[in-house]
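Shown next, in structure tokens, is the structure this report addresses.
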Amino acid sequence: MRTRWPWIAMLLSIIVLISPIGTEVLHDALFSSEQLSRSIAQPIAFIGLAILISICLIEWLVRSIVSKRRAHGVTS
């Protein structure tokens, strides 16, 4: 592991966001002309984005812990 950046989770997030379902949910949440459609899609989009961000944070935390342990070396 050479970097602490959560590139796997970021790649997954980009794939989810540019997929047809992801773009449709984002379009409905932000650009829909109907209030009912926006009201339904906005919480779904915000919860999905929060989940993707939390996955990135968890991967970054795990990578930080692993790199610190490797820097200190294994003591047995």
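Explain nothing, just the number: dipole magnitude of the chain about its Cα centre with +1 on each Lys and Arg Cβ and -1 on each Asp and Glu Cβ, in debye rounded to the nearest 20.
So the magnitude is around 740 debye.
To one decimal place, what Kirkwood hydrodynamic radius in Å is obtained for the chain from all pairs of distinct Cα atoms?
Taking every pair of different Cα atoms in the chain, averaging 1/r and inverting gives 14.4 Å.
So which DSSP H runs in the chain come out at 30 Å plus along the axis (Cα) with average Kyte-Doolittle of at least -1.0?
Those that pass (Cα extent of 30 Å or more, hydropathy at least -1.0) are 35-72.
For the chain, which whole percent of the accessible surface, found with a 1.4 angstrom probe, sits on carbon and sulfur atoms?
72 percent
When only DSSP loop residues count, what GluC sites (Glu not before Pro) in the chain have their Cβ near at most 14 other Cβ atoms within 10 Å?
Within the chain, the qualifying GluC sites (Glu not before Pro) (loop, at most 14 other Cβ atoms within 10 Å) are Glu34.
Once fully extended, how much extra length lies between Ser67 and Trp7, figured as 0.36 nm per residue of separation less the alpha-carbon to alpha-carbon distance?
Fully extending the segment from Ser67 to Trp7 adds 20.1 nm.
Using a 1.4 angstrom probe, figure out how much accessible area the chain has per residue, in square angstrom, rounded to the nearest whole.
81 Å²
The values are calculated or read from the model by the stated rules, or taken from the named source; none is laboratory data. Because the structure is a prediction, the values reported are computed rather than measured. Every residue, glycine as well, gets a Cβ built from its backbone with ideal geometry; the counts of neighbours run over all protein chains shown. Keep in mind that these areas ignore ligands, DNA and RNA; they rest on the heavy atoms of the full protein, side chains included. Shrake-Rupley method; radii C 1.70, N 1.55, O 1.52, S 1.80 Å.
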